[in-house]
């Protein structure tokens with residue numbers, strides 16, 4: 001796809017706006033740490049800010065790099081004695097998330113590389129790595145989680161979740177633990193267990209039979225084959241998915257989204273965070289969903305700009321540059337509408353899938369940061385930080 005001058009100008013304006021959002025949010029009311037959003041969410045949420053590290057660092061902006069450094073220092077200071085990283089950078093009592101510790105390890109590794117400080121917060125890193133070693137219930141390296149403990153606080157993901165294990169795979173490579181990374185690569189690329197009986201010597205995998213994507217989660221006889229856009233995008237970016245699987249997965253996503261648009265289930269040219277949506281008559285429907293997680297809303301299929309940024313990057317990693325350009329333009333349109341406060345660019349939290357209308361908080365740090373990361377991936381035709389992960393050969397270590 002060729003980008004005309006009008007499209008390029010629109011992307012440039014969005015990039016300028018995204019940078020303004022990030023600089024506005026760089027200092028908040030809690031110990032001067034970054035805000036998670038410009039008006040709502042003044043707190044420094046760990047997962048949001050560690051994911052935002054990708055966008056902070058590709059800008060080359062010193063103020064944003066310092067915001068990341070200050071957040072990492074606060075997280076290290078509030079780390080539990082056993083190595084767990086809290087969900088809020090300023091509050092050591094806010095614990096229990098499954099993704100904050102692996103995200104801290106990733107954010108720290110990216111900052112170290114960018115700042116050329118390989119030993120920065122070394123003790124905190126080792127403590128976090130040690131904490132994660134104890135998160136594998138069968139001591140294999142594949143970690144498990146409790147429901148609503150990752151970024152989806154209204155979504156049940158139980159046992160061996162795809163998203164969290166792609167994060168684990170990423171930090172294992174970043175910290176040179178290639179043997180463990182190879183073992184995890186092997187386990188994740190096994191077929192998920194189905195049926196009524198589990199062989200006691202057979203370990204769960206995340207490959208969905210006859211499909212190109214990975215399961216949302218799998219644990220013993222329980223699993224979910226709903227499509228997790230963030231987890232699968234990370235599988236492509238990190239190299240958990242082979243190049244062939246990545247190509248097939250992107251084609252499958254686009255085909256499924258086209259079908260959803262034809263049925264009136266999707267109003268934009270970007271995939272929902274989860275599909276098919278969970279409906280009230282489905283077995284995995286929860287009573288709370290009727291109020292907090294309706295089909296096409298929030299974690300039950302809302303369209304999240306930060307997740308869309310990962311998908312644009314995954315298209316680049318899969319070699320689908322024309323599609324990546326098209327999706328970046330769609331994302332440029334997605335981040336314009338405002339919801340809470342009138343602004344030229346909203347960078348909203350999430351968008352209702354069936355209407356395309358923003359529904360969450362405006363000026364989200366990770367929405368702006370991942371827009372900048374996606375735009376840089378398209379500009380370079382490459383995926384900073386992730387390319388080196390895919391360049392390795394984890395199957396050799398396995």
Within the range 214-246, restricting to residues that are in contact with a strand residue (DSSP E or B) (Cβ under 6 Å, 6 or more places away or on another chain), free of Cβ contacts under 8 Å to residues at least 60 places away in the same chain and not in a loop (DSSP other than H, G, I, E, B), the one that is nearest to residue 155 (Cα to Cα) is 227
Looking for something in a loop (DSSP other than H, G, I, E, B) and within 21 Å of residue 50 (Cβ to Cβ) - is there at least one such residue anywhere in the range 335-347? yes
Which one of 117, 13 is in a loop (DSSP other than H, G, I, E, B) and either touching a helix residue (DSSP H, G or I) at 6+ places or on another chain (Cβ under 7 Å) or more than 20 Å from residue 360 (Cα to Cα) (or both)? 117
Checking the condition modelled with pLDDT of 95 or more and closer than 19 Å to residue 386 by Cα, which residue from 146, 187, 216, 167 passes? 167
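For the range 277-292, enumerate the residues that are surrounded by 12 or more Cβ atoms within 10 Å (Cβ to Cβ) and touching a residue at least 12 places away in the same chain (Cβ under 8 Å).
So in the range 277-292, the residues surrounded by 12 or more Cβ atoms within 10 Å (Cβ to Cβ) come out as 277-279, 282, 284-286, 289, 292.
The answer is 277, 278, 279, 284, 286, 289, 292.
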Among the numbered criteria (1) crowded, with 18+ Cβ neighbours inside 10 Å; (2) in contact with a strand residue (DSSP E or B) (Cβ under 9 Å, 6 or more places away or on another chain), which one does residue 54 miss? (2)
Could you figure out which of (1) touching a residue at least 12 places away in the same chain (Cβ under 8 Å); (2) more than 22 Å from the chain's Cα centre (by Cα); (3) closer than 26 Å to residue 122 by Cα isn't true of residue 28? (3)
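With the structure loaded, tell me whether residue 143 is touching a helix residue (DSSP H, G or I) at 6+ places or on another chain (Cβ under 7 Å), part of a loop (DSSP other than H, G, I, E, B) and closer than 20 Å to residue 240 by Cα or whether it fails that test. If you could, list the steps in order and put the result at the bottom.
Numbers: touching a helix residue (DSSP H, G or I) at 6+ places or on another chain (Cβ under 7 Å): yes; part of a loop (DSSP other than H, G, I, E, B): yes; closer than 20 Å to residue 240 by Cα: yes.
So residue 143 passes the test.
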Of the numbered conditions (1) within 27 Å of residue 238 (Cβ to Cβ); (2) in a loop (DSSP other than H, G, I, E, B), residue 33 satisfies every one except a single condition; which is it? (1)
So in the range 74-107, with the set limited to residues that are within 16 Å of the chain's Cα centre (by Cα) and outside any loop (DSSP other than H, G, I, E, B), which one is nearest to residue 131 (Cα to Cα)? 101
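Yes/no per residue for (1) free of Cβ contacts under 8 Å to residues at least 12 places away in the same chain; (2) more than 25 Å from residue 68 (Cβ to Cβ); (3) more than 19 Å from the chain's Cα centre (by Cα):
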residue	(1), (2), (3)
275	no, yes, no
295	no, yes, yes
302	no, yes, no
328	no, no, no
344	no, yes, yes
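Condition first: assigned to a helix (DSSP H, G or I) and closer than 18 Å to residue 214 by Cβ. Now tell me which residues in the range 172-192 satisfy that. Step through it out loud before you land on a result.
Let us first name the residues in the range 172-192 that are assigned to a helix (DSSP H, G or I), namely 172-174, 178-188.
Within the range 172-192, 172, 173, 181, 182, 183, 184, 185, 186, 187, 188 meet the criteria.
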Do you know which residues across the range 348-368 are surrounded by fewer than 18 Cβ atoms within 10 Å (Cβ to Cβ) and either free of Cβ contacts under 8 Å to residues at least 24 places away in the same chain or assigned to a helix (DSSP H, G or I) (or both)? 357
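Go over the candidates 188, 158 one by one and state the one that is farther than 23 Å from residue 245 by Cβ and in contact with a strand residue (DSSP E or B) (Cβ under 8 Å, 6 or more places away or on another chain). First the steps, then the outcome.
Numbers: 188 fails: farther than 23 Å from residue 245 by Cβ.
Criteria check complete, one pass: 158.
Any idea which of 295, 271 is in a loop (DSSP other than H, G, I, E, B), surrounded by fewer than 24 Cβ atoms within 10 Å (Cβ to Cβ) and modelled with pLDDT of 95 or more? Full working, then the answer.
On the way: 271 fails: surrounded by fewer than 24 Cβ atoms within 10 Å (Cβ to Cβ).
Answer to the check: 295.
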Here the residues within the range 369-394 that are exposed (fewer than 15 other Cβ atoms within 10 Å of the Cβ) and closer than 21 Å to residue 169 by Cβ are 382, 388, 391, 393
Which condition does residue 112 not pass, out of (1) touching a residue at least 12 places away in the same chain (Cβ under 8 Å); (2) farther than 25 Å from residue 289 by Cβ; (3) within 22 Å of the chain's Cα centre (by Cα), if it passes all the others? (1)
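The values are calculated or read from the model by the stated rules, or taken from the named source; none is laboratory data. Computed from a predicted model, the values in this text were never measured in an experiment. So basically every Cβ, Gly included, is an ideal-geometry build from the backbone, and we count neighbours across all protein chains shown.
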